[in-house]
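The values are calculated or read from the model by the stated rules, or taken from the named source; none is laboratory data. Note that the structure is predicted; figures quoted are calculated from it, not measured. Neighbour counts are summed over all protein chains in view; Cβ atoms, including those assigned to glycine, are modelled from backbone coordinates with ideal geometry. Only protein heavy atoms, including side chains, enter the accessible area calculation; ligands, DNA and RNA are left aside. Shrake-Rupley method; radii C 1.70, N 1.55, O 1.52, S 1.80 Å.
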Amino acid sequence: MIENAQNGLGFKQYLLEISHLKKVYPTPTGGFTVLEDLNFTVDQEEFISIIGHSGCGKTTLLSMIAGLNEITGGQVILNGTPIDGPGPDRGVIFQSPSLFPWMTALENVMLGVNQVFAHGSKKERLNIAKYYLDKVGLGGSFDKRARDLSQGMRQRVGIARAFALKPQILLLDEPFGMLDSLTRGELQDVLIDVLAKEKTTAIMITHDVDESIFLADRVIMMTSGPRAQIGDILKIDFEKPRNRKELLEHPDYYKYREHLINFLEH
C-alpha cells in the first residue's frame with residue numbers, strides 16, 4: 001500500500017504490506033483465531049526474519065503471503081496489488097523441498113521454468129535452469145536424480161528452483177532446519193549471495209536466533225498463539241555482506257541475541 005514517506009519526497013510504495021491480517025480456522029465449537037491484526041511492511045531487497053514459539057502462526061502467515069492459505073480478514077498487498085492466490089511473483093522454499101525423486105535436478109527446476117517462461121525458447125529455458133543450479137553449487141549435478149542427492153543437495157535444488165522463477169519476493173519456511181550445522185552455514189552463504197545478485201526480497205521463518213541475526217535486516221517477533229500478533233520488531237544494523245567471524249566478535253551481536261532470547265523466554 002502507498003503511504004506518506006517521512007523524507008519529504010512525497011509517497012513511498014513498499015514491496016509488501018501486511019494490513020490488518022487475520023486468520024480464523026473453523027472448528028466444531030466455533031472459530032479458532034490463529035493470527036489477529038498483523039501489520040508490517042517490507043522494503044525492496046529487505047531480508048525479514050520471523051521468529052516465535054511453535055504454534056504462533058508463523059507458517060500460517062507465510063502461506064497466506066504465498067497465496068496458499070485463504071485470508072480471513074485484512075490484506076496482503078504486493079507491489080500495490082492485493083494478492084488473491086499463488087503466483088510466480090512469490091517463490092517458496094520449504095524445510096524439505098518437494099522434488100520428484102525420479103527426475104534429475106535439472107528436470108525438477110525445468111518444471112517451473114517451463115510454466116513461467118513458456119514464451120521463451122527451449123534453449124533459453126534450459127539456460128535459466130542451468131544458471132541457477134550452477135549458482136547454488138550444483139553445476140556438476142544437472143543429471144543426478146533427486147533420490148540420489150543428499151538432503152543438503154536437494155535443498156540446493158529447491159533454492160535454485162525458487163530463484164529460477166525470478167520471484168519478486170522469496171518466502172522461506174525454516175529452509176535449513178533439517179540440515180547439519182556445516183551444510184546449514186554453506187547454504188546460508190549461498191542464499192545471501194544469490195539474493196544480493198538477484199536483488200530479491202526475502203521473508204524467512206526460523207527458530208534459530210543466530211540465523212536471524214546473521215541473515216536479517218529486521219527480525220519480527222510473534223507473540224504466542226492463539227490470537228498471535230507482532231510483539232516486537234528488531235532492526236539489525238550490521239552492514240552487508242556479513243562475515244560470521246566478524247559478527248561474533250562484534251559487541252552488538254550479543255545485545256541483539258539477548259534481546260531476542262529475552263522476548264522468546266517471556
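In this structure, is ARG125 part of a helix (DSSP H, G or I) and either small (Gly, Ala, Ser) or open to solvent by 60 Å² or more (accessible area, probe 1.4 Å) (or both)?
Answer is no for this residue.
Please work out if LEU264 is surrounded by 14 or more Cβ atoms within 10 Å (Cβ to Cβ), assigned to a helix (DSSP H, G or I) and either modelled with pLDDT under 90 or under 22 Å from the mean Cα position of the chain (by Cα) (or both).
In short, yes.
Does PRO101 qualify as being touching a residue at least 12 places away in the same chain (Cβ under 8 Å), within 26 Å of GLU70 (Cβ to Cβ) and part of a loop (DSSP other than H, G, I, E, B)? Even if it seems obvious, please write down each step before you answer.
Working: touching a residue at least 12 places away in the same chain (Cβ under 8 Å): yes; within 26 Å of GLU70 (Cβ to Cβ): no; part of a loop (DSSP other than H, G, I, E, B): yes.
It is false that PRO101 is touching a residue at least 12 places away in the same chain (Cβ under 8 Å), within 26 Å of GLU70 (Cβ to Cβ) and part of a loop (DSSP other than H, G, I, E, B).
Can you report the number of residues in region 66-86 which are assigned to a loop (DSSP other than H, G, I, E, B) and in contact (Cβ under 8 Å) with a residue 40 or more places away in the chain?
Step one: list which residues in region 66-86 are assigned to a loop (DSSP other than H, G, I, E, B), which gives 67-72, 79-80, 83-86.
Filter again for in contact (Cβ under 8 Å) with a residue 40 or more places away in the chain, leaving 69, 71-72, 79-80.
Final tally of qualifying residues: 5.
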Open item on the list: Pairs please, first residue from region 194-214 and closer than 18 Å to LEU78 by Cα, second anywhere and among the charged types (D, E, K, R), Cβ atoms under 7 Å, 6+ apart in sequence or on different chains.
Closed with: LYS199/GLU45; THR201/GLU45; THR201/GLU46
- [ ] Return yes or no: is ARG218 in contact (Cβ under 8 Å) with a residue 60 or more places away in the chain, open to solvent by 40 Å² or more (accessible area, probe 1.4 Å), basic (Lys, Arg) and under 27 Å from ASP89 (Cα atoms)?
- [x] yes
Task: Qualifying positions in region 12-35 - closer than 13 Å to GLY225 by Cα, in contact (Cβ under 8 Å) with a residue 60 or more places away in the chain and surrounded by 17 or more Cβ atoms within 10 Å (Cβ to Cβ) - done: THR33, VAL34, LEU35
TODO: Just one of (1) surrounded by fewer than 23 Cβ atoms within 10 Å (Cβ to Cβ); (2) at negative phi trips up LEU171, so point out which.
DONE: (1)
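For region 176-185, indicate whether the set of residues that are part of a helix (DSSP H, G or I), among the aliphatic types (A, V, I, L, M) and open to solvent by 20 Å² or more (accessible area, probe 1.4 Å) is non-empty.
Kept after step one, since they are part of a helix (DSSP H, G or I), are these residues of region 176-185: 181-185.
Next, from what is left, pick out any that are among the aliphatic types (A, V, I, L, M): 182.
Then drop every residue that is not open to solvent by 20 Å² or more (accessible area, probe 1.4 Å), which leaves 182.
Yes - at least one qualifying residue is present in region 176-185.
Let's see how each residue does on (1) closer than 27 Å to GLY225 by Cβ; (2) part of a loop (DSSP other than H, G, I, E, B); (3) open to solvent by less than 10 Å² (accessible area, probe 1.4 Å):
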| site | (1), (2), (3) |
| --- | --- |
| ASP37 | yes, no, no |
| SER54 | yes, yes, no |
| MET64 | yes, no, yes |
| PRO88 | no, yes, no |
| LEU106 | no, no, no |
| MET110 | no, no, no |
| GLY120 | no, yes, no |
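Might you let me know whether region 237-260 holds any residue that is part of a strand (DSSP E or B), at negative phi and surrounded by fewer than 17 Cβ atoms within 10 Å (Cβ to Cβ)? It would help to see each step written out before you state the result.
Within region 237-260, the subset part of a strand (DSSP E or B) is none.
Checking region 237-260: not a single residue is part of a strand (DSSP E or B), at negative phi and surrounded by fewer than 17 Cβ atoms within 10 Å (Cβ to Cβ).
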Task: Output for region 142-175, where each listed residue is part of a loop (DSSP other than H, G, I, E, B) and more than 21 Å from GLU198 (Cβ to Cβ) - done: ASP143, LYS144, LEU149, SER150, GLU174
- [ ] Give region 233-248 a look and list any residue that's basic (Lys, Arg), over 20 Å from the mean Cα position of the chain (by Cα) and closer than 17 Å to SER212 by Cβ, or say none.
- [x] ARG244
Open item on the list: For the condition in contact with a helix residue (DSSP H, G or I) (Cβ under 8 Å, 6 or more places away or on another chain) and buried (at least 23 other Cβ atoms within 10 Å of the Cβ), what is the one hit in GLN188, GLN155?
Closed with: GLN155
